[in-house]
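Heads up: the structure comes next, in structure tokens.
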Amino acid sequence: MMNKKYTTDKQLDFLDSFLTMKGYANNENKIELMDHLICDFELNGNGNLSQYLSNKLHFIEQQKFKREKILNKIYLKEMFNEFTLFFTDFKRILITLLVFLFVVCLTRFFNNKVIKITYILSLFIVQLYGLFNTFIEKRFRKLDEFKALTSIIFLPTSLFIITSYIDNPFKNIELFSVFWFLIFMLTLSFVLYSKRKLKELKKKYNRLIRN
């Protein structure tokens, strides 16, 4: 842990507040960065912590960006793994089949107006539920993990918006059915993953707070 031989408690408190101001919440990444900065400050600093941090601003910002980028890749991969479970996990295959049959029957036996309304509502409700569960805990919002998670949770929504730029999405109703089915399952997967991930972050966050 941090060597306090040359660094005072007041300086440590200042560094902690400084990193919080720069977007580092009370998590492992912040602790590791504090550890690195204190060691480097004691080896190469001149005793003026404010000046030292001013010189290290670029490094501090880059560390935050790199961590979020890494987390983005990890979470995106895990989210798509959640999606594949609906086609490989026996317990979830039934849900997949029911959604598929619902979409096929609706697009086959109802007119375009009903299909369009149902399509929009089905995706909107699931996405709204996911966003509500994600943003309801305000104290998570400064966590790097939370920012990385929310930056990719909107991916299904962006795919949904694509259809608004298509002149006639119902021209090929079979192709539209497949698109609707896949985008719905992807949205559902992202919502389930984010909900589970936030529970994990909550346990981790609470543990760090207590420590």
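The values are calculated or read from the model by the stated rules, or taken from the named source; none is laboratory data. This one's a predicted model, so the numbers in the text were calculated from it and none came from an experiment. Here Cβ is always computed from backbone atoms with ideal geometry, including for glycine, and neighbour counts include all displayed protein chains. With ligands, DNA and RNA removed, areas are computed over all heavy atoms of the protein, side chains included. Shrake-Rupley method; radii C 1.70, N 1.55, O 1.52, S 1.80 Å.
Inter-label distance, ASP35 to LYS22: 1.7 nm, where each label sits 7 Å from its Cα along the C-beta direction. Measuring with a 1.4 angstrom probe and ignoring ligands and nucleic acids, LEU121 comes out at about 90 Å² accessible.
Once the chain from LYS171 to ILE93 is taken as fully extended at 0.36 nm per residue, the excess over their C-alpha distance is 25.2 nm.
Heavy-atom accessible area with a 1.4 Å probe sorts LYS203, LYS64, LYS69, LYS147, largest first, into LYS203, LYS69, LYS147, LYS64. Overall, the anisotropy analysis places the stretch 83-132 in the oblate class: the square-rooted eigenvalues a ≥ b ≥ c of its C-alpha gyration tensor yield a/c not less than 1.5, with a/b not exceeding b/c.
Gain on full extension, evaluated as 0.36 nm per residue between CYS105 and PHE132 minus their Cα-Cα distance, stands at 6.7 nm.
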